[in-house]
1. What ranking do 217-225, 244-252 get when scored by the average of other Cβ atoms within 10 Å per residue, highest first?
2. Rounded to whole Å and ordered largest first, report the semi-axes of the equivalent ellipsoid of segment 97-143 derived from its Cα gyration tensor (root of 5λ).
3. Please report the antiparallel percentage of the DSSP beta bridges confined to the chain, to the nearest 5.
4. Over the residues of segment 128-180, compute the C-alpha Rg and express it relative to 2.2 N^0.38 Å.
5. Could the peptides 201-212, 299-310, 159-170 be put in order, highest first, of the mean number of other beta-carbon atoms found within 10 Å of their residues?
6. Mind pulling the per residue volume of the convex hull built on the Cα atoms of segment 63-250? Å³ is fine.
7. Where does each of His265, His9 land when they are ranked from fewest to most other beta-carbon atoms within 10 angstrom?
8. At q = 0.17, 0.30 Å⁻¹, what log₁₀ I(q)/I(0) does a Debye calculation on the Cα points of segment 228-274 give, no solvent, two decimals?
Amino acid sequence: MSGTDERHHPTAVAVPDAFKGTASALEMAGALVRGALAASWECEPCPMSDGGEGFAEVVSRARADKGGWVESVVTGPAGRPVSARWWLGGDGPDGEAVVESASASGLPLVGGAAGNDPIAATSRGTGELLVAAVRAGARRILLGVGGTAMTDGGRGALDAIEEAGGLGDVAVVVACDVDVRFVDAATVFAPQKGASPTQVAALRDRLGALAADYRDRYGIDVERLPGAGAAGGLAGGLAALGARLVPGFEVTAGAVGLRDRMTGHDLVVTGEGRLDVTSWSGKVVGGVIALAAAVGVPCLVVVGSVAEDAGNGVGEGGLRPSAQVVSLSERFGWTRALEDPVGCAAEAVTSVLSERS
């Protein structure tokens with residue numbers, strides 16, 4: 001027998017989204033890699049985002065040798081100053097900024113839905129970040145939207161931008177994590193931001209009035225734009241100023257070269273906090289499963305929990321026969337899954353991949 005171990009170690013790539021509110025995509029990617037290594041698999045991390053939480057961190061990693069982080073003090077969603085982090089790279093015509101609306105206008109900045117005023121919450125800080133990026137020399141801005149506190153249709157952001165004299169000829173690309181229409185943002189997302197049924201109705205009326213105003217002032221009908229409802233209508237408001245709305249998963253996948261990084265592996269491991277019907281509408285897990293199927297690699301999906309409506313995505317754009325789902329709350333119980341999602345994910349991957357080896 002040779003003294004050299006020539007056995008083939010199966011390989012995987014870890015492509016998780018953030019587990020919202022509990023662990024970042026980078027933390028989860030590290031956990032999935034550790035779990036795979038413990039099962040004698042080789043595994044490389046590739047954290048992902050669909051434009052929501054963690055977008056700037058994930059995209060900037062693909063450009064790590066070309067720029068750095070900047071801190072700006074801007075108006076938070078409750079009107080108080082907050083310090084927001086964004087990334088700037090390149091020089092001259094190649095200057096690019098990567099910005100995340102959650103850093104300036106995120107729901108966690110007001111203590112979650114319980115601490116939010118869903119009517120007064122503003123996107124002004126995100127507009128101030130875009131202005132700061134332009135003043136710092138950015139010629140192109142990638143903005144990830146998601147996880148925000150407001151449903152103001154981008155009015156606060158547009159006010160800040162217009163007061164600063166506009167963004168000039170800077171190209172703004174908005175990475176949307178949903179394809180919800182502008183006015184529907186109130187019905188779909190405002191309850192998650194603390195809005196009562198009466199407030200939802202008021203916000204819907206306000207968005208309708210804003211859509212008419214944008215149409216009159218800028219000549220853009222945001223009501224017809226898929227994704228315009230992202231971040232409480234912020235995406236639509238920026239589209240009125242000429243921003244281009246694109247699917248966030250596609251932007252991030254392109255930035256990190258996801259298709260090439262999947263190809264040739266024995267397994268793709270992805271995950272998110274909660275698997276539900278929205279997972280098949282532009283979210284990371286749905287996109288990863290579809291792309292893995294396209295390149296012929298099976299998928300392991302590690303999630304905090306599985307909603308009853310998750311199965312509604314089975315089929316086109318949903319779960320595939322080659323995808324196995326592991327629920328941390330079912331395997332470890334709700335308390336531990338919430339308190340230690342990183343440790344639970346690592347243990348779950350080790351267990352599942354040990355059986356596959």
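Taken together, the values in this text are just the output of simple stated rules run on the coordinates, not laboratory data. Since the model is a prediction, treat every value here as computed from it, not as a measurement. So basically every Cβ, Gly included, is an ideal-geometry build from the backbone, and we count neighbours across all protein chains shown.
1. On the way: 217-225: 16.2, 244-252: 21.1.
Result, highest mean first: 244-252, 217-225.
2. Working from the Cα gyration tensor, I get semi-axes of 25, 10, 7 Å.
3. Numbers: 14 of 50 bridges.
Here the share of antiparallel DSSP bridges comes out near 30 percent.
4. Details: Rg = 11.6 Å, N = 53, 2.2 N^0.38 = 9.9 Å.
So segment 128-180 has a normalised radius of gyration of 1.17.
5. Details: 201-212: 18.7, 299-310: 20.5, 159-170: 14.8.
Ranked from most to least packed, the peptides come out as 299-310, 201-212, 159-170.
6. Working: hull volume 18.9 nm³, N = 188.
So the per-residue hull volume is 100 Å³.
7. Details: His265 20, His9 14.
Sorted ascending by nearby Cβ count, the order is His9, His265.
8. Per q value, in the given order, log10 I(q)/I(0) is -0.69, -1.07.
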